[in-house]
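These notes concern the structure reproduced below.
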Amino acid sequence: MANSFTGAVAVVQFPGVNCEYETAAAARAVGVSAAIFRWNEDPAALDGCLGIVLPGGFSYQDRIRAGVVAAKDRVMDAVSALARAGTPVLGICNGAQVLVEAGLIPGIHWEKVDLALAPNVMADREGYYCNWIYLRREPTNCLWTKLYGDGEVVPVPVAHAEGRFTTEDAGVLEEMKRGGQVALRYCDASGAVVPSFPVNPNGSVENIAGVCNREGNVLALMPHPERAAWLRQVPEDLGDRWARRRRAAAGDQAALEGEGPGRRFFAALGGAKGGSR
Amino acid sequence: MGAPLTGVVAIRDLPDERIAETLARHGFNITTAEARRVAELLGRDPTVVELTIFNTMWSEHCSYKSSRRVLKEHLPVDAPNVVLGPGEDAGIVRFAPGGDGDWWCLVIGHESHNHPSQVLPVEGASTGIGGIVRDVYCMGADVVGVLDPLRFGDPSGPKGRQSIAIARGVVEGIAQYGNALGVPNLGGDVVFDRGYEDNCLVNVVAAGIVLESRIVRSRVPVEARREPYVMILIGKPTDDSGFGGAAFASEDLAGEEKANRGAVQVPDPFLKRVLAEATKKVMEAARARGVAIGFKDLGAGGIACATSEMAHAGGFGVKLDLDAVRKALGHFPPAVVSCSETQERYAMAVPREFAAEVLRIYNEDFELPRIYHGAGASVIGDITLEPYYSIETAGGLVCSAPVEVITTGIAYDRKGAPRRRRFEEPALDPRRSLRDDFLALLASPNVASKNHVFRRYDSEVQGRAVLRPGEADAAVIAPLPGRSVGLAFAVDGNPFYGLIDPYEGGALAVCESVRNVASVGAVPATITDCLNYGNPEVEEVFWEFTEGVRGIGDACRGIGHLSHEGAPLPIVSGNVSFYNQNEAGKPIPPSPVVCCAGIVEDYSRCRSIRFKDEGSALYLVGEILDELGGSEYYRAIYGALGANVPRSDFVRERGLVRAVIEMHRLGIVRACHDTGQGGLLTALAEMAIGGRGDGELGFTLDLDELAPLGLPPEKLLFSETGAFLVETAPGIEREMLALCARNRVKLWRLGEVRRASRLEVVSRGASLARWDLAELRGAYLDACRPIFGVENTGKGA
Amino acid sequence: MKLAVELWVRLKVIDLVAQTARITLVDKLDFGERLRGLTRYSYWAMDAEGETAPGILEEIDRAIRLDGAFTNQNKHLYRLSGGGEPPRGDLALEKDYPAGGAPDETAFAVDCLVRELRPDREAGFASRLGGRLRGVKVSRMKCGEIWRITVGAPSESAAIAEAERMLVSRSRREGLLLNPHYQRHEILGTKRL
């Protein structure tokens, strides 16, 4: 039964996550192998893995607070140790909530909880919101966004009820910005960072959509790049170059099976080596 | 046999009044005559457990006792693509080759959860989704989507506040369940009308995919003749929370709704997700060891109904030990444990040899007992060769009868009598402003954008989305990674047509859903239905029901199967919901709701409804007749229902969908939208606005082009005769004409899509009305915001 | 008149959230020996203005029972109180203290209110509730979740300190029940058991 993840991407399946399969598929689409790691398997199997992805969903039913129960799980001892040693770690949506609650993000102080992913604040309601938004790649040394250009606009979907990055510690926010840890911001189709809904879909401070650690190998990302890893997944009616490409590919299935805007998050692993950068 | 029977209820020797008292004391809904029939079948007085089983099995919900005969007479259930028709938990059709002679199959189920949702909207709707996805999971399938046709009271009617609260609660319940489970929402429809203010409708459809060779049947497999098999119960600990729910679903909601609250179940999508993952591993292990298993979800009637039906379907018996059932805290009598509707449970028949591995996967690998208090998998009995059904407890035998007795059906011959009502067309008022009227129509909650609902649902999870709810007439997914095959889904059912003519209500629901699926280029593969009506004991209601079913059946045969000449469009799953009425017994409008699933050869040709390119040609495919009866225009502008309901014409319908599918195959479609509710002008506006509300291209409609139809402007613009608007590249009119002639449908070239952010209607050189896209957008996008926009309370978890 | 009203709501069935919290505190955060009990409530406090104290409670009670405000009768128990009036509802708070425990050790139940740092949200609830009440005005709404944490400790102040260690997530290995970057807590009361 025991899997080995040497040279492969491990997608961690906490009870209640629900994006593990498409996340593994998005990793495979860039030519790396990927497998599911059930939360209570022996964490030693993760040694030597190419990268770790904490996928989206509702780990432990969001009991107490999204991500916090998984953050205390035994497997996170191993994830934390591997992250410290430089293994690439990506938390998507619920996975981002786990990384924040585990103190791996922003990671300015080791395993200290310096941020929250708080309930969404929208124009006229609260709660769950699912839609396509645009991300702007910020100047950063983040491993996961290294294949995107500075200022590049990337459409991807969000789907969450608690995605508002916030902190009570102004110093932390300053240090994150200074250290190039604000990897991605919500923006409009032209790349303008407009602070109001719906460009900022959850009221996140300074439109922050993704935060990496100082070393750049760990990223907490609220939107779902695995749902934008194929051109087929891009809605025709969006207003940017990806949607134009999508429309131009109508009738060409091979083109639609090609790269989507979110794929380069995973492609970044192509150049990464297991255990270090 | 052996042990003595305990809990026997005297029936046989009692007079009717005393039996009625006994039944009432136990809270049973079966009639005195039915109770006597139970005793007759058993050849003795029944036990409480047995009466409880029959009380559930003979409810309208489980037995189809009023509807079965009508369904059998009218609905076609077989076609060459059908693997499994109605009868088990979900229906199955093939949709793509799966290699080595195997086939990929679509598994689809359609249910209602109306009464519980009226009482407790969040839990009621959640449980509806939970129940229908379980029906699909238990066939061995991966669930790839859910759809939810909803009907609520008028938000601006006298009970508007309550109707809005119910609508919000239902949407919240659907969102909570589906989002957490990780199943994308593929849309649905929402209709508001006063007729639903005391009885909302929450219909749910779930779709899954499975290889034909991996379908798991809801029966004890034949292999149990060769080696010993056991019955395993999996999931949530059994409690009394859902006790009596099946009987509840078929009762009318008279009096204090809250009195019935104990009957509503508490669903749990988290546990369901973990169960689904663990079950996947069990199925893998079974395949690896070449072991045959039977698997069924527990719904109405709980353990007793599921296990007896599995045994009956396989020709076996079962001997259950009720004390081995995992129970929640509290003391529950045997009848409750046997028949409770506790959610998130399955029964599985496996070889005794394999049982330990099954228990290990659920209880240890996936730690069910640890992550959910009291949950887990346990062996609760043996499969027996003798077809005999018994349930034992430490206190004695509580049920003991041949399996075929337990599963005996019941049927009634109900009578129908036509409802006589006169309908009249309103007189059109030439002084009215087309400009203002159209803005009012677009802002009617039945026409306006439902994005406020869709954004609460996860439509992206699983990564299969091609077209999402609101982007086109049908949602499309690419179910098989890397392959071109797509699946399209749409639901329909317009209650206002059925009010005028219940036959057309049924027939047009099929036509409209078929058109929606064809609109993205999909070939209709199967229909499912949910038949929502009032009290079948009322002759006029039963007539409405019979007419609706007749209409559905005629449409399925009349349009036929486009991939299998001569075969009907098969109905592989369905549900009947009766007793939808208010306290005074006034029934809801006749509400047959239909889902059509279609197959797309190449999803890359599926397009959104939004105008794509300046200079494109826009065509009307089909025709427009004087058919505004039940239209949104009459209702919203004249407050009238009208009389001239659209008349189904299956030959025309077949030609229309063939023509449109052919256009998609040729790759000439840039955008396509059917003209349904709100008519031609609404469809045009929707193409200009686009599903996301940010369209930038406009159109000028010259009614002179449609002059040969001989209708006044209002009727041309707002008739609900089914037709299509198709945007294509310019300069292919000749091909379009030839294609339509081949399919014997009419074609009208309406003009060119323009880079002008407005919509205009002209006639004889004069402008009749003109709108900026911004104001259309405002009316269309904002109308439902007050209904769904604001969160309701800060209610505790 | 103006009346300070309090509403406590608890699940009738097993609270999986509290249970998971307890397992996590005991197994993952090593509070095993000290944690005696953990119960979770939803909580609202507000100023309600109306004719008489019984009338105010009656109207809010009506909204709770018949309008489905705050609770779901199928799932919840509640206790509505204000002024010196007899409390309404079916939740007996005093019976919610855990029984047993080592006789030689003192234990305290600490009631901790956890709120979001967003006063506008509470004001929104107040105005929406106000819209559902006849003749009663609501202001100064305060709402959140109460964790009744029962711990073995030598003194009240030690018990509060221990409860706060369980409450506030400071790092991966410290604290669980609230994230201090969007939530705040206050101790509503303690009781020696």
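Buried surface between chains C and A: roughly 2400 Å² of accessible area, summed over both sides, computed with a 1.4 Å probe on protein heavy atoms only. The angle separating the long axis of helix C:156-167 from the principal Cα axis of greatest extent in chain C is about 90 degrees. Overall dimensions of segment B:60-406, expressed as equivalent-ellipsoid semi-axes from the Cα gyration tensor (√(5λ), whole Å, largest first), are 32, 24, 20.
The alpha carbon convex hull volume per residue for segment B:674-767 rounds to 116 Å³. Rolling a 1.4 angstrom probe over the protein heavy atoms with all chains in place gives segment C:2-192 an accessible area of 43 Å² per residue. Converting the Cα gyration tensor eigenvalues of segment A:172-229 into ellipsoid dimensions via √(5λ) gives semi-axes, longest first, of 20, 15, 9 Å.
Among rounded, prolate and oblate, which fits segment B:277-396 when a ≥ b ≥ c are the square roots of the eigenvalues of its C-alpha gyration tensor, a/c under 1.5 means rounded, and a/b larger than b/c means prolate? Oblate. Classify the protein assembly as shown as rounded, prolate or oblate, taking a ≥ b ≥ c as the square roots of the eigenvalues of its Cα gyration tensor: rounded when a/c is under 1.5, otherwise prolate if a/b is larger than b/c and oblate if not. Rounded shape, in that the Cα axes give a/c under 1.5. Over all distinct Cα-Cα pairs of segment C:1-150, the Kirkwood formula returns a hydrodynamic radius of 16.8 Å. Considering only alpha-carbon pairs that sit under 8 angstrom and 6 or more positions apart, the relative contact order computed for segment C:2-192 is 28 percent.
Which percent of the accessible heavy-atom area of segment B:624-724 goes to carbon and sulfur, probe 1.4 angstrom? About 47 percent, which is the carbon plus sulfur part of the accessible surface. With contributions of -39500 (n - 2.57) from each DSSP H run of at least four residues, the per-residue ellipticity at 222 nm computed over chain B stands at -10000 deg cm²/dmol. A 1.4 Å probe run over segment B:381-459, with the rest of the protein chains in place, finds 49 Å² accessible per residue.
Using C-alpha pairs under 8 Å with a sequence gap of at least 6, the mean separation divided by the residue count of chain B gives a relative contact order of 14 percent.
Projecting the alpha carbon convex hull of chain B along each direction and taking the average yields 33.0 nm². B:Lys612: which lysines have alpha carbons under 29 Å from its alpha carbon, excluding same-chain residues fewer than 8 sequence positions away? Cross-link targets: B:Lys450, B:Lys715, B:Lys746. Of the residues B:His26, B:His331, ranked by 1.4 Å probe accessible area with the largest first, the sequence reads B:His331, B:His26. Applying a threshold of 27 Å to the alpha-carbon distances of B:Lys280/C:Lys75; C:Lys75/C:Lys142; B:Lys236/C:Lys191 flags B:Lys280/C:Lys75; B:Lys236/C:Lys191 as lying beyond it. Tell me, what % of the accessible area of segment B:60-406 is carbon and sulfur with a 1.4 angstrom probe? Here it works out to 49 percent. The distance from the alpha carbon centre of segment A:162-240 to that of segment B:411-477 is 36 Å, rounded to a whole number.
The share of accessible area on segment C:1-130 that comes from carbon and sulfur is 49 percent, using a 1.4 angstrom probe. Legend: residues B:Thr526, A:Thr167, B:Thr31, sorted from most to least accessible area (1.4 Å probe; ligands, DNA and RNA excluded), read B:Thr31, A:Thr167, B:Thr526.
Taking N as the residue count of segment A:30-115, its C-alpha radius of gyration divided by 2.2 N^0.38 Å amounts to 1.03. Listed by chain and number, the lysines placed with their C-alpha closer than 20 angstrom to that of A:Lys72 are A:Lys112, C:Lys28; residues fewer than eight positions away on the same chain are left out.
The values are calculated or read from the model by the stated rules, or taken from the named source; none is laboratory data. On a predicted model such as this, the values are computed, not experimentally measured, just so you know. Remember, those area values only see protein heavy atoms, side chains included, never the ligands or the DNA or RNA. Shrake-Rupley method; radii C 1.70, N 1.55, O 1.52, S 1.80 Å.
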